[in-house]
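Peer 1: Have a look at this one before I ask anything.
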Amino acid sequence: MTDSHTLLSQYARTGSESVFRELVSRYIDLVYSTAFRLVDGDAESAQDVAQTVFVALADQARTLPEDVMLGGWLHLRTRFAAGKLMRTERRRQLRERQAAEMNAIEDHTESNLAQVAPVLDDAIGLLEAEDRTAIMLRFFERKDFRGVGEALGSSEDAARKRVDRALEKLHVLLKHRGATLSTAALGTALATEAVTAAPAGLAGSVAGAALVSTAAGTGTTLTIAKLMATTKLKLGLTTLVIAGAATTLVIQHQSQTKLREVDESFRQQIAQLKADNESLSNRAAQAKGMRAPRLPAPPMHVTPQANASPTEDSQSTSLYARLNGKSLKLTAEQVESYLKANGRNPASLLAAFRTTGDPALLEEAMQKYPNDPQVDFEAVFKKDTSLEERRQWLDAFKRSAPDNALANYCSAFAYFKAGQTDQAVQDLIVADGKVEFQDYLPYRIQEDQEAYLSAGYSLADAEAFAVCQQPLLPQPGELRQFVHDIGDLAKSYQQAGDANSAQAALQIIADLGQRYANGSPGEFLVSQNVGVDIERFALGVMDPNTPYGGSGQTVQDQLNKLDRQLAGQKELGQQTTPLTQTMSDQDWISFDDRLKAFGEQEACRWLIRKYGQR
């Protein structure tokens, strides 16, 4: 049987429909099962996520590295797509209930996987790349140890040991989140329950939609993917366009082997698909209230903002009174022992840099791993860096993390500082069109925690230290300057008589604020508050009586909602601060696990429920 690397390479070269269908057939169960867990067993949403993921594969196959582990790539894309789909209040409420029940998880029967399903895939995502690959190959791609060894370029025995070590690390991560099942039980559960059969016919419909969208051109593919990922149209309006056209096109396509052999009727349907999707895209943009600012941008006067105070840029330290003046920094000897045990890879070098503050460790990571996205991200914010060097690392960050909108936002901010407004606007437009927004915070916390544990700290202290030393990147002061730069851009458009572009610039600010305020699991309250402030800034410039969003509310309605949200978060912090000083080590571990899994807001609510009654 042809291996997946060969199939992917063949599809990237030829665009063969039959090859792509074979890839979808091999991985549809992996993607669907992962999505099904992440969307709380909603089969319809899981199918939507699967279609989004394979559309992305069809579009990006030609740009993937030759040595890509396709199962791992698809798992990561599925997590991002499902996370975006489930970022709603219903999901938050469900996670809060799950958090309250996590300590009750027991190791009983074959239902183990169902018990840890809400946190399983996030825990897998926290593994280092080599361990994550071993887990994916063995349990998700269902290879035997010989197959795992061949994929990893090692022997069967070495593969077995790699999988066992990776499984143990995954067990530790899940244990920190309250799961009590043993390593053996986890392995059994993954082997028997990690991958389930996707609904009959899903592979065919997904492959057809992806192939049709790719045939229609890159622009159409991106439009379809963005609509599916951001508008939550569950097999509705988007499917009427995609699936309806796909059915006709696939029937025609069955008797042909290459896209260039299709007849005039097929080309006419492609043209119609493009037109339909352009119409959908326009309507979606109008519903969102967003048009791209025009280029070239008018000259703008930048208004410098006062630098944020140190306390303003610090993390929510009031929650972590347990530190009692202890130093967060490891010694050179402690971190050298950690590096010796873990190897000098990107993750360990960055953790060593953050936990010691030694810039030489960051320099080493930058020199050895210039194409790693987390290394590039840290390099962008390195102190005492020239504008030219920062631009090089920003461009590297955009290349290494092409789906991450934060790379383009950071690049736009640097362009504003350099007075290159048109380049900044181009990056803003690109950033606003991307789904993923990743500051790698969960990875940073987990890796730093391992460094502290290696240095001999208790689990409670290691978790506390890893959380407390994490800054919000970019820092709040930089974000506020960035927001004011975009606000000045909006003023320039308005003065030039271009109200549409001015409104588009303000909408970009509002969208950025929502990304921070409604961020991924593991977000801090300070990040959410900054996000609310950013959105309030944008709305404060708009006409308060104009419609905002698709629910019939006005700009003023949204401002009122944000004010209530800020007041609630402030009250939450005030209630939580005195409680942290009475927490036991075990409760701190539970608090921190909830923070990393569900965000600081949910962790605070749990703490208030437990301690507030005393």
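Just so you know, all these numbers are worked out from the coordinates, no wet-lab data involved. None of the values given here were measured: they were computed from a predicted structure. Glycine also receives a Cβ, built like all others from the backbone with ideal geometry; neighbour counts cover every protein chain displayed.
Peer 1: Which links in 84/383; 417/596; 383/561; 434/570; 175/434; 417/491 stretch past 29 Å when you go from one Cα to the other? Mind dumping the intermediate values first?
Peer 2: On the way: 84/383 33 Å; 417/596 33 Å; 383/561 38 Å; 434/570 31 Å; 175/434 34 Å; 417/491 17 Å.
Those over the limit are 84/383; 417/596; 383/561; 434/570; 175/434.
Peer 1: Going by C-beta contacts inside 10 Å, put 172, 380, 206 in order with the fewest on the left.
Peer 2: With the fewest neighbours first, 172, 380, 206 line up as 172, 380, 206.
Peer 1: Lys and Arg at +1, Asp and Glu at -1: add these up for the other residues within a Cβ distance under 15 Å of residue 150 and post the number.
Peer 2: Net local charge, residue 150 excluded: 0.
Peer 1: While we're here: Take peptides 387-395, 598-606, 362-370 and line them up by average Cβ neighbours within 10 Å, highest first, as a rough protection proxy.
Peer 2: So the peptides 387-395, 598-606, 362-370, ranked by packing, come out 598-606, 362-370, 387-395.
Peer 1: Now a separate question. As a footprinting exposure proxy, order 543, 488, 511 by other Cβ within 10 Å, with the fewest listed first.
Peer 2: 543, 488, 511
Peer 1: Pull up all non-local amide H partners of residue 554: gap of 5 or more, or a different chain, and H-to-H distance under 5 Å with H placed in the peptide plane.
Peer 2: 548
Peer 1: Taking the Cα atoms of region 328-569, what is the range of coordinates along each of the three principal axes, in descending order and whole Å?
Peer 2: Cα spread of region 328-569 along its principal axes, largest to smallest: 61, 41, 26 Å.
Peer 1: Related question: I'd like the Karplus ³J(HN,Hα) series for region 4-10: coefficients 6.51, -1.76, 1.60, θ = phi - 60°, whole numbers in Hz, and an x wherever there's a Gly or Pro.
Peer 2: Computed from phi, the couplings for region 4-10 are 5, 4, 5, 4, 4, 4, 5 Hz.
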